[in-house]
1. When all C-alpha to C-alpha distances in the range A:157-250 are sorted into bins of 5 Å, what percent of pairs does each bin hold, rounded to whole numbers?
2. Would you please calculate the Kirkwood hydrodynamic radius of the range A:4-249 over all C-alpha pairs and express it in Å, rounded to one decimal?
3. Around B:G308, under 13 Å between beta carbons, what's the net of Lys plus Arg minus Asp minus Glu among the other residues?
4. Over the alpha-carbon set of the range B:277-368, divide Rg by the Kirkwood Rh and report the Rg/Rh ratio to two decimals.
5. Taking 0.36 nm per intervening residue step and subtracting the Cα-Cα distance, what contour gain separates B:S444 from B:D77 on full extension?
6. Explain nothing, just the number: relative contact order of chain A, from Cα pairs under 8 Å at least 6 residues apart, as a whole percent.
7. Looking at A:I170, A:G242, A:S229, which one has the Cα that reaches farthest to the positive end of the dipole of chain A (charges on Cβ: Lys, Arg +1; Asp, Glu -1)?
8. Using the Karplus equation 6.51 cos²θ - 1.76 cosθ + 1.60 (θ = phi - 60°), what ³J(HN,Hα) coupling, rounded to whole Hz, does each residue of the range A:7-20 give in order, writing x for Gly and Pro?
Amino acid sequence: MSLLEVKDLKVRVEEREILHGLSLTVNPGEVHAIMGPNGSGKSTLSHVIAGKPGYEVTGGQILFRGEDLLEMEPNERAANGVFLAFQYPVEIPGVTTWNFLHAALNAQRKARGEDEISSPAFLKKVREVAKSLNIPQDMLKRGVNVGFSGGEKKRNEILQMALFEPAVCILDEMDSGLDIDALRIAADGVNALRSPERAMVVITHYQRLLNYIVPDFVHVMSKGRVVKSGGKELALELEESGYAQFEDAA
Amino acid sequence: MPAVQETVERVRRIDVDQYRYGFETLIESDKAPKGLSEDTVRFISAKKNEPAWMLEWRLEAYRRWLTMTEPTWARVDYPKIDYQDIYYYAAPKPKKTLSSIDEIDPEILKTYEKLGIPLREVAILEGVEPPPGGEQTPNRKIAVDAVFDSVSVATTFQKELKAAGVIFMPISEAIREHPDLVQKYLGTVVPTSDNYFATLNSAVFSDGSFVYVPPGVRCPMELSTYFRINERNTGQFERTLIIADKGSYVSYLEGCTAPQRDENQLHAAVVELVTLDDAEIKYSTVQNWYPGNSEGKGGIYNFVTKRGDCRGKNSKISWTQVETGSAITWKYPSCILRGDNSSGEFYSIAISNGFQQVDSGTKMIHLGKNTSSRIISKGIAAGKSQNTYRGLVSAHRKATGARNYTACDSLLIGDKCGAHTVPYVEAKNSSATFEHEATTSKISEDVLFYCIQRGLSQEEAVGLVVNGFVKDVLQQLPMEFAVEAQKLISISLEGSVG
Ligand SMILES: Nc1ncnc2c1ncn2[C@@H]1O[C@H](COP(=O)(O)OP(=O)(O)O)[C@@H](O)[C@H]1O
Ligand SMILES: [Mg+2]
């Protein structure tokens with residue numbers, strides 16, 4: 001059974017169809033890259049998988065471990081192992097990162113029928129994870145993403161990914177707004193989380209990121225469809241010839 | 001359904017389901033005849049065995065009240081109150097004098113147990129989770145005065161307080177036992193003629209707390225009063241008077257709940273605080289009167305006059321309030337900064353939901369030299385509620401060097417509620433520096449979705465965001481009550497308990 005199967009997915013936003021029958025199959029351990037120009041529907045796909053309100057699925061289905069993902073509440077999806085690293089992580093003033101992560105982890109554990117984790121045990125765990133990712137402890141005490149640099153926000157996403165240990169991670173434009181050093185640090189974090197059980201879907205506009213997170217498969221999206229799939233060499237090909245060649249195919 | 005819409009829907013349903021204090025205690029009670037007249041005032045005074053001066057004081061207030069009209073300037077809307085359709089006095093029976101807690105009606109004890117308020121003298125609030133890296137606070141003792149309908153039913157830790165010289169007792173007892181102190185201060189901060197509701201209170205108040213902290217004494221524990229309205233069709237008119245003599249300090253907290261009822265009930269309290277030279281009073285309120293049901297039926301009309309007089313130099317009065325209950329709140333805890341170098345603070349969280357209407361704020365009246373005040377107000381409106389901050393900062397001609405900082409932030413949940421800010425500023429001398437900041441924001445769908453994607457439920461996400469929004473004010477509450485208040489905030493906005 002595949003981990004995540006998107007089958008002929010059709011999605012509307014405000015009466016306009018954005019995804020016109022998109023399919024994608026992801027197995028444990030695989031890293032998939034989804035590339036495509038702005039407006040091709042990449043974020044829409046990630047939002048629908050995560051369950052963001054405001055999208056209407058008019059056709060197709062999404063299976064997660066063989067179960068209908070679209071039937072699950074968004075927080076249930078999180079508890080079951082679906083993680084979306086946001087392109088623009090939001091700021092939550094007055095809520096410390098530490099508190100937020102503790103509340104979220106306990107909500108997930110509760111949903112899975114596991115015991116809640118106590119404050120001291122959690123503190124120990126989150127400090128270990130932060131350390132393994134070279135994230136300064138200081139970040140945990142600050143308000144969630146408040147006053148964080150672009151690089152810090154992305155690292156905070158990776159910290160959460162490491163903490164929640166999801167089965168499938170969708171990374172939406174992780175490279176946007178990062179300079180090359182910050183990009184490398186973030187990519188190192190993601191690579192450290194690759195494992196035979198975990199799948200990743202790396203969404204990006206640019207090939208650059210894929211030099212650091214080397215995918216097993218590359219899919220090219222255009223105008224709400226996957227127009228070409230291949231191995232990692234497809235990314236390089238795109239780098240040379242651009243997206244224009246696919247516009248017609250779509 | 002978009003996230004915010006859904007939140008609004010959920011929040012709307014909660015009032016009825018989530019008001020955990022809405023039970024009624026079945027006990028017999030002793031009531032005054034319905035309605036208000038000189039006889040009612042005499043009845044109450046007689047019930048309390050009051051001295052003649054007190055009765056005179058009440059009657060004067062009553063006659064004054066007859067000449068006054070109900071204020072209409074607040075942004076609140078309610079049907080006309082029939083003052084003859086209210087019981088002005090209700091006391092649990094039997095009425096023999098209680099000499100120990102064991103003599104209290106077990107039904108009442110049970111009520112306070114259900115409310116989580118300890119009437120037995122034990123150190124409470126164990127197991128409060130320390131903040132990360134924070135120290136475990138030692139269990140502190142908290143002395144409690146419990147007021148059930150019109151009378152005080154228990155005051156704890158009397159002996160220890162007495163040893164420190166602190167007087168903490170029902171005001172009805174203080175009138176008999178400490179008439180000099182009461183006569184010297186009662187009505188000197190909120191005069192009997194002050195406003196319609198305060199004047200009514202002066203005529204018919206039945207009980208409340210009295211505190212006197214002698215010179216140089218730091219009160220050895222938190223003092224706390226819990227008010228509970230139980231009877232049907234009764235008004236609650238409590239009166240609190242706190243005096244911090246020279247160089248003393250006291251921290252006082254009040255909490256309030258009432259059963260769920262279809263009719264509106266009137267609560268018109270008066271609180272007077274006096275600080276003499278170098279003294280400080282910290283007054284915190286967690287107000288959770290029944291807010292009415294999801295159709296806006298029932299709930300408490302909370303029309304309250306609270307005022308502190310920084311009478312001495314270098315004295316300080318700090319108000320902190322967490323307001324989550326009541327159908328209508330009309331309340332402006334204020335400070336008169338009379339002593340030179342005195343300071344006043346007002347920290348407020350006002351949450352309105354369903355059909356609640358809140359018109360609350362503060363007045364900082366700068367009279368002395370080099371006085372300072374600080375106002376931090378956080379208003380949260382959800383459902384179809386209306387939430388108004390109304391504030392006045394004024395500096396008298398002689399109040400040179402007066403300083404004020406005001407920050408009013410409003411958070412809207414959904415689009416059927418309203419938040420309003422009405423700040424008045426009057427500076428009668430040019431050396432005053434007044435700063436004012438105000439923001440209004442909506443709880444963002446992106447923020448909610450971010451939290452939900454990390455596993456939190458919609459209600460947990462709202463609770464988290466709101467708690468972050470009010471953090472500056474929560475930090476002003478005594479630690480134990482901050483935890484309580486945080487839970488209360490989540491409950492009043494979430495669909496799930498705990
Ligand atoms: N909330 C929305 N309302 C209206 N149109 C939207 C919304 N979200 C996305 N779209 C439209 O859907 C298309 C795909 O957008 P998006 O998924 O963000 O693409 P990408 O992430 O590939 O840049 C764009 O044309 C965009 O304008
Ligand atoms: Mg995008």
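1. Spelled out bin by bin, the range A:157-250 gives 3, 12, 23, 23, 19, 12, 6, 2, 0 percent.
2. One decimal place: 18.6 Å for the Kirkwood radius.
3. On the way: positive: B:K282, B:K306, B:R307, B:R311, B:K316, B:R338, B:K363; negative: B:E272, B:E280, B:D309, B:E345.
Result for the local shell: +3.
4. Working: Rg = 15.3 Å, Rh = 13.9 Å.
Taking Rg over the Kirkwood Rh, I get 1.10.
5. Values: separation 367, 0.36 × 367 = 132.12 nm, distance 2.93 nm.
Fully extending the segment from B:S444 to B:D77 adds 129.2 nm.
6. Numbers: 455 pairs, mean separation 70.4, N = 250.
Computed value for chain A: 28 percent relative contact order.
7. A:I170
8. Once rounded to whole Hz, the list reads 10, 6, 6, 10, 10, 10, 10, 6, 6, 10, 6, 9, 9, 10.
Read the figures in this text as sums done on the coordinates, not as results from a lab. Remember, it's a predicted structure, so these values are computed and weren't measured experimentally. Using ideal geometry, Cβ is built from the backbone for each residue, glycine included, and neighbour counts are taken over all protein chains shown.
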